[in-house]
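Working notes, structure below.
The values are calculated or read from the model by the stated rules, or taken from the named source; none is laboratory data. Everything numeric here is computed off the predicted structure, so don't read it as measured data. Here Cβ is always computed from backbone atoms with ideal geometry, including for glycine, and neighbour counts include all displayed protein chains. The area values use the complete protein model at the heavy-atom level, side chains included, leaving out ligands, DNA and RNA. Shrake-Rupley method; radii C 1.70, N 1.55, O 1.52, S 1.80 Å.
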Amino acid sequence: MISNDSIEALKARLDIVDVVGSYIELKKAGGNFKAPCPFHDEKSPSFVVSPQKQIFHCFGCLPPYQKIITPDGYKEIQAIEVGDKVFAANGAQTVVTKRVKHPSEYDILAFTTSLSAKASCFTQNHDMLVVKKETAIKELPYLRVEKERALKFYGRIKSRSKTYNLKIQREFASNINKGDYFLYPIEREVRKDRFLDLSELWEKKDSGPDVTKINSIEIDEDFMWLAGFYVAEGSTYRGGIKFSLSATEVEYANRVVSIVKKLFDKEGKIFLRESRKNSLEVTVSSTNLEHVFAHLFGKGAQNKHYPYWFNYLENSLREALLCGLMDGDGCYSRNTYKTVSETLADEIIDLAISLKKIPSCRISNAFVDKKGTNHKQSYTIYFKKRESIEGFFESIDGIEYFFTRVKEVKNIGRESVVYDITVADASHTFLANHFAVGNCGAGGDAIKFVMEYEKLNYPEAIEKLAANYNFTLTYTDNKHNKPRTQVIEKLNEWYQSLLPHNQTATNYLRERGIYESSIEKFGIGYAPASHETLNFIKAQQFPIKEAIDVGVVGYDPTRKQTYARFIERITFPIHSANGTVVGFGGRTITGHQAKYVNSPETPLFNKSRLLYAYNLAKQAVHKKQEIIITEGYLDVIMLHQAGFDNAVATLGTALTQEHLPLLRKGSPRVVMAYDGDKAGRAAALKASKLLSASGFNGGVVVFEGGLDPADMVKEGRVEELGNMFRAAKPFIEFVLDEILSLYNLRDPKAKEECMQEGVAYLKTLSPLLQEEYKTYLASRLGGLGVSPSLIRLGNQQQQQNAPQMQQNRYRDAWELTLVKTVLEHPEFIDHILDVIDPSLLQFHARELSLALAGKSDAPELMEILVDESIIALKTQEELDAELNTFLTRYYERELKKVNFATNISFEEKAFYIRKFRDKIAKLKRGELVAFDN
């Protein structure tokens, strides 16, 4: 672990303008610096670096009057303060951590949707959450455009519930078009409140009768109906409350009297007015109720509302609230509700969506009729009977949303001052009054910037900055405390300077189709004769031993001579994830029998953990959520030239288990792009087995006919390449098909052996995938296949000559690695127990418990010890990195469970949400957190 004193000393040396300016071009703007945000595509600068505060921040903004939803109701953003609670796009509460107010540099765009004719307003550079029209049509089969006809919605197809491959897109407000869909979350943390506290609302009068104080009332369906009915038909008068009804609504009047008596022990009176024969009134004389109802529901028609948190009560209570509203002022024949209160209209929209109804709000402007009567602006909410292209419900990543269609986008000019908030939720989203929106959310100090920009964890970012600023870090375990070497960096610069002067090397690169810009981007160089390299190292006054230690120089003990490891070769520098050069790959241009060589294994260079060009590809990998893994340096370079900037390569070795932590970063889809020869297919098969057993999503592309990705790019077949990557054969199907191809399926005995090997592979997968692919294997076992019932995946007794692996249950590669680490390094046990408990493991909790107890002679553990495919972690640093990744995912899963839990109280839920979010935040800063059950 890096010592805290060392980290603080490095921080004191850093200047954020210098750090950020080394990555992007900054321009002076008053006391700050500005630039287009590097974390999302934009052309105008919304990214600010403050030298005074030593922080950076990116923001899109809202005009001061734009409302957002809080647990206390609808608030203008100018009234929001740090520490206030709002709602994230998934419906969960989150806390405002930052609020920014500044002059606007962008115009305001007003959006009206099928949900509401009332506009929601944002600056042009604000981050919007959207499903683009084209994406919706492509992914949702019930949205169709047939021939020249308009887009149509097919309810029958929609009724066949299915999970679709929809993703929420982030777009600038200026990129939103008519017909796109905004999203309103249905999910909400249900409150379990049973009583309404009236203790602060019950006023004790100095005069009048002595009335027993009511401290609280039960929140039941009767109360909720009364609340809705009062909002619709009730008002206060001096000394009480009243309800104004039509003469035909005697049933409602009686119900009001009954509920008031039950809840407040007050007598209500019903009487007909002689001056208005078609109306009746219910009155309840009580100054206390006057005060309570005025506080809860507002005074005057334009101010009517109810406590917003009512919309988060149990479903039956919300239904009763809506029923009361509709009984009071709704029109059942037209299925509408009309009000002059803007807040009430927004509340009812939210209430309806929570009950999976389909609301749409229209606005009638204020006017004066022929009789001279003034009519206020009103809001009519229509409750549609069925879903349509204008509004429907659909799930994305397990969260259900109401999709509302964008009807109009209008530029309404510029505000003098605009506001922005940042929230604690990792999604950097919040709920405006009519749909969820996002924000870049990027912000922090110099270390956080490097973490975000380079896609590094906290220790990696520290080490990256230390390398850039020639700062020597100290470590608490002392084993890392040695001077940082510059031999490789200097040698790399020298190799690059030699390349333009070697005609053979430059001709080779040109013939392969490599651009000058790519030579510069990838740092391609040329290594000369051995004595020239040795002379350069000596001239730079580097000790030869240091050069040997880092693998650029070799030593022959028999001849007692040193030699350069790269001689007359084109060099490809190989970087760690944080961008530090740790070794080289070299391609001969003099006909040496070893066409390619790599640096030897050193403390810096481990080819089983490194991927060529990952340092250049990692941003694209995170953005595209996909990584393409090839077999060669030239494949990667040419793919990057063609726009596939998420391509990397293994270093002359097959993909290994030690590569998996790097591949897990960002959880991308993995595409293996391998040659179609025997060696390539074997490597693809091994990698597919490893990745599928480890839970990765993705597939394999095999290049037949002697071609490779570099050849296809050179031939201009870029579109064909893209189609191949998109249509990669899923790992599991590839493995099963490769197994099937190895056997003569006309021979019954060979078919049985093939089935046994296929079953052995399936048993390395999760139980669900085993069942799903059992039929796939059975149907392809030659001729008419075999019955799926013969593919036995359970604990049935196996034949004695069946492979041992068939008898195992699902094997989780990461969990087995942890178990083997405990077995081989018992000195790590106390450290592991501080942060993890065997119960956290999903598949191998028993094995870990046995290992922690020191029972290494248990059969399950002996099997793990002799399994060479399971590789133990060697250092505490490696262990900490793996534990950090595992724990982050574990607590993110637990947080999601809590968000949707309905069997715990609101207070408990809030406690666990805070607890898990705190743990996740610490883990993302590189800190391991203590485990508590």
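Details
- Kirkwood-Stokes translational diffusion coefficient of segment 685-782, alpha-carbon pairs, 20 °C, 1.002 mPa s, µm²/s: 144 µm²/s
- Between residue 829 and residue 915, the C-beta separation translates, for a Förster distance of 25 Å, into a calculated FRET efficiency of about 0.45.
- Per residue, the convex hull around the alpha carbon atoms of segment 343-382 comes to 61 Å³.
- Virtual spin-label span in nm between residue 590 and residue 11, 7 Å along Cα→Cβ: 5.2 nm
- Taken over segment 497-543, the alpha-carbon convex hull comes to 87 cubic angstrom per residue.
- Over 25 Å apart at the Cα level, from the set 897/924; 75/410; 133/357; 521/689, are 521/689.
- Distance between the pseudo-spin-label points of residue 193 and residue 368 (7 Å out from Cα toward the beta carbon): 4.3 nm.
- Stretched out straight at 0.36 nm per residue, the stretch from residue 417 to residue 843 would grow longer than its current Cα-Cα span by 147.8 nm.
- Loop trypsin sites (Lys or Arg not before Pro), segment 564-606 (other Cβ atoms within 10 Å of the site Cβ: 15 or fewer; DSSP): 595
- Segment 356-386 and segment 53-120 have Cα centres spaced 26 Å apart.
- Estimated FRET transfer efficiency (residue 85, residue 892; beta-carbon r; R0 22 Å; 0.05): 0.60
- With R₀ set to 60 Å, the beta-carbon distance separating residue 101 from residue 559 gives a calculated FRET efficiency near 0.25.
- Anchor residue 138: lysines whose Cα lies under 22 Å away (excluding residues fewer than 8 positions away in-chain): 147, 152, 158, 162, 167, 178, 407, 623, 624, 729
- Shape call, segment 448-553: gyration tensor on alpha carbons, a/c limit 1.5: oblate
- Cα-based shape type of segment 531-619, given that a ≥ b ≥ c are square roots of the gyration tensor eigenvalues and the cut on a/c is 1.5: prolate
- Gained length - residue 29 relative to residue 269, 0.36 nm times residue gap less alpha-carbon distance: 79.5 nm
- If you look at the Cα atoms of segment 294-348, you get an Rg and a Dmax of 11.3, 32 Å.
- Solvent-accessible area per residue in the chain equals 47 Å², computed with a 1.4 angstrom probe and all protein chains kept.
- Of the trypsin sites (Lys or Arg not before Pro) in segment 677-755, the ones in a loop by DSSP (not H, G, I, E or B) with at most 14 other beta carbons within 10 Å are 746.
- Prolate/oblate/rounded label for segment 625-700 (Cα gyration tensor, a/c 1.5): oblate
- Percent carbon-and-sulfur accessible area, the chain, ignoring ligands, DNA and RNA, probe 1.4 Å: 49 percent
- A convex hull fitted to the Cα coordinates of segment 557-677 yields 138 cubic angstrom per residue.
- Counted residue by residue at 0.36 nm each, then reduced by the alpha carbon distance between them, the extension gain from residue 766 to residue 323 reaches 154.8 nm.
- Bins of 10 Å from zero: percent of alpha-carbon pairs in the chain: 2, 9, 16, 20, 19, 15, 9, 6, 3, 1, 0, 0, 0
- Projected label distance in nm at residue 906 and residue 238, using a 7 Å step from Cα toward the beta-carbon: 3.7 nm
- Sequence-distant aspartates and glutamates (8 or more away, or on other chains) whose Cα lies within less than 13 Å of residue 213: 197, 200, 203, 265
- Note on the chain: antiparallel DSSP beta bridges, both residues inside, total approximately 90 percent of the bridges counted.
- Near-label residues of segment 601-615 by backbone N, under 11 Å of a point 7 Å along Cα→Cβ of residue 682: none
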